[in-house]
Amino acid sequence: MLLIEQPPRNVDPRYATTSYDFKLTYLCFARLVSVDDDALKPKLELAEQVQVVSATPERGLVLEVTLRDAKFSDGHAVTSEDVRYTLDKLLDEKAGSPSMRSRFSENGLVRPIEILSAKQFRISFAKPTASYLTDLDFGILRSGTAEAGRARPIGAGPFVLSGDVGEITRFARNPHYFLGPPSVAALTVRVVRDTNSRLLSLVGGSADLTQNTVPPMLFDSVTRWKNRLELESAPSALLLYLGMNTEDGRLRNAKVRRAIALGIDRERIIRTKLRGKARLASSLLPPFHWAFSESSSRLQFDPEEAKRLLDAAGYPDPDGPGGKPRLTLQFKTSTDAMATAIARVIASQLAELDVAVELRPLEFHLFLSDVKKGNFHLYMLSSAEIAEPSLFRNFFHSSFIPTVQNHEAGLNRMRYRNPALDKLLEDGSRELDREKRKAIYKEIQEILAQELPMLPLWHPDNVLLARKGVVGFKIWPTAQLSGLSLVRKTH
């Protein structure tokens, strides 16, 4: 039994919206390509081969995909027709996936795809897109099984949904899974909202494992149960970051933003609040990512330099330490206990620079609404896993600033504008050659390290807590749950 803290809403590629929706969906619906890889490189799953037939501004991008021999959970072979059917369902205007429509409309997917044989097809885009492999990361439905009146579509993943989706979600082994049937015959996913209750369920033996649901403040408690529990951690592609509103008159100045960054002792927070289970961040990407590049100006805790920068930016200390502040900033975060605790430490550290911070913890939906509208000076938020470097565009391109026109969907909540960076981000999204792409993203990361519209704080480790005798789970940087197909119990 796997414990999670929030219930999934739907385990169907068409309707998945939350993080757990997608993680559980992929247990049932194998993908053409995934990023379940230690280096975050796209990994072929149902696709055995993906070849670029042509990539020109005139013809766009044409891919030829060869499928491996694989079967759905009912024993039927996975074919090109199933892929065509899946795309039609995912992109349906009335009942499809908004995220999939957004993904493929931007790059101009040409429909229908061209079927060459039962195992080969061509998929075309109106313009070259560097993310073409990760764009194929979607679950495949068996043709004809996603129609009105049917209980649920059929997939080719390691498990099959065997009950309702909600507080308790049950799965059965798929005997036809192309990588071999899972070790366990059945999997139960149960929602336990209270952190202490999750820990006690594991200690008592009523549950087997949980990933990323036990906060660092309880790690010391776990050691008391070392005869019953195993704690394992591994680097992740997640990121906790501090966003700064670059439309604010004070934070528009890069010297002020750098001063804030230099005034935060991130290593101390990792050591004390996170029990060392995080890696210091310097980029949107984790250090093990193929496109990661370390900036020439590394950020290290330096309060004296921070004060000098504030002086140079026109914010001198008006009356000495402990008196009137240089400036006052509003810091918004969620009411999550760990987020609030970290925000308080950051506020305390900035106070040492005579920067007053008004901390405003809000219920998550109110917090996110304010962030999207630009109603903040500072905010702290976690990203989803960052595997595709094209996501730099979503976070920093001026066209991705949340607006009424884009339904506040843009991730550039820092409201950062830089025409030169916009051009590089567009180039990085189009360039297909990996080495040339890497050079582009090196330049992008250098600019962002200098400008600092966002301070990358750290990449929190993925932490697995399991009962003794539960072995085999593979922790992926993306925190996906596909490792459940390898889990077994030794006693």
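The values are calculated or read from the model by the stated rules, or taken from the named source; none is laboratory data. None of the values given here were measured: they were computed from a predicted structure. Note: ideal-geometry Cβ built from the backbone for every residue, glycine included; neighbour counts use all protein chains shown.
Scanning the stretch 184-196 for residues that are surrounded by fewer than 17 Cβ atoms within 10 Å (Cβ to Cβ) and either touching a strand residue (DSSP E or B) at 6+ places or on another chain (Cβ under 9 Å) or at pLDDT 95 or above (or both) gives A185, A186, T188, V191. Within the stretch 222-251, the residues that satisfy the criterion of being part of a loop (DSSP other than H, G, I, E, B) and crowded, with 19+ Cβ neighbours inside 10 Å are S236, A237, L238, N245, T246, R250, L251.
Cβ-Cβ distances below 6 Å connect the following pairs, each with a first residue in the stretch 187-214 that is of a type in the set (A, V, I, L, M, F, W, C), a second residue that is surrounded by fewer than 16 Cβ atoms within 10 Å (Cβ to Cβ) and not in a helix (DSSP H, G or I), and a separation of six or more residues or different chains: V191/E167; V203/R228. Only a single criterion out of (1) assigned to a helix (DSSP H, G or I); (2) crowded, with 17+ Cβ neighbours inside 10 Å; (3) in the same structural domain as R413 (by TED's automatic domain parsing) is not satisfied by F219, namely (3). One residue stands out in the stretch 351-383 among those that are of a type in the set (G, A, S) and part of a strand (DSSP E or B): the one that is modelled with the highest pLDDT, namely A356. For the stretch 268-312, the tally of residues that are modelled with pLDDT of 95 or more, over 21 Å from the mean Cα position of the chain (by Cα), closer than 16 Å to L240 by Cβ and surrounded by 14 or more Cβ atoms within 10 Å (Cβ to Cβ) stands at 1.
Just one of the listed residues (A337, A387) is farther than 30 Å from G314 by Cβ, crowded, with 21+ Cβ neighbours inside 10 Å and out of contact with any Asp or Glu (no Cβ under 8 Å at 6 or more places or on another chain), namely A387. Residue count for the stretch 260-290, restricted to those that are small (G, A, S), within 23 Å of F376 (Cα to Cα) and not in a loop (DSSP other than H, G, I, E, B): 1. Scanning the stretch 41-75 for residues that are more than 14 Å from D135 (Cα to Cα), assigned to a loop (DSSP other than H, G, I, E, B) and modelled with pLDDT under 90 yields a total of 3. Among residues of the stretch 161-172 that are closer than 19 Å to D194 by Cβ, those with a Cβ under 8 angstrom from a residue that is at pLDDT below 95 and surrounded by fewer than 12 Cβ atoms within 10 Å (Cβ to Cβ), sequence gap 6+ or separate chain, pair up as T169/G163. Report yes if P325 is part of a loop (DSSP other than H, G, I, E, B) and either in contact with a His (Cβ under 8 Å, 6 or more places away or on another chain) or in the same structural domain as K41 (by TED's automatic domain parsing) (or both), otherwise no. So P325 does not fit the description; no. Summed over the stretch 195-216, residues that are part of a helix (DSSP H, G or I), in contact with a Leu (Cβ under 7 Å, 6 or more places away or on another chain) and of a type outside the set (K, R) total 6. I'd like to know if the stretch 453-464 contains one or more residues that are in a loop (DSSP other than H, G, I, E, B), among the acidic types (D, E) and surrounded by fewer than 20 Cβ atoms within 10 Å (Cβ to Cβ). No, the conditions are met nowhere in the stretch 453-464. Taking each residue of the stretch 85-112 that is assigned to a helix (DSSP H, G or I) and looking for partners that are hydroxyl-bearing (S, T, Y) with beta-carbon atoms closer than 7 Å, six or more apart or interchain, yields Y85/S143; L90/S97; N107/T129. Within the stretch 424-446, the residues that satisfy the criterion of being surrounded by fewer than 18 Cβ atoms within 10 Å (Cβ to Cβ) and without any contact (Cβ under 8 Å) to a residue 60 or more places away in the chain are E426, D427, D433, E435, K436, A439, E443. Checking each residue in the stretch 107-142 for being hydrophobic (A, V, I, L, M, F, W, C) and out of contact with any Gly (no Cβ under 9 Å at 6 or more places or on another chain) picks out L109, I113, I115, L116, A118, F121, I123, L133, L136, F138.
Would you please name the residue that is modelled with the lowest pLDDT, looking only at residues in the stretch 4-40 that are in contact with an Asp or Glu (Cβ under 8 Å, 6 or more places away or on another chain) and of a type in the set (G, A, S)? Applying the filter and picking the extreme gives S34.
Would you mind stating whether R257 is under 24 Å from T25 (Cβ atoms), among the basic types (K, R) and part of a helix (DSSP H, G or I)? No. I'd like the full set of residues that are of a type outside the set (S, T, Y) and either in the same structural domain as L424 (by TED's automatic domain parsing) or surrounded by 21 or more Cβ atoms within 10 Å (Cβ to Cβ) (or both), limited to the stretch 118-132. Matches in the stretch 118-132: F121, I123, A130.
Residue check: D137 meets all listed conditions (1) surrounded by fewer than 20 Cβ atoms within 10 Å (Cβ to Cβ); (2) under 25 Å from R103 (Cα atoms) but one, namely (1).
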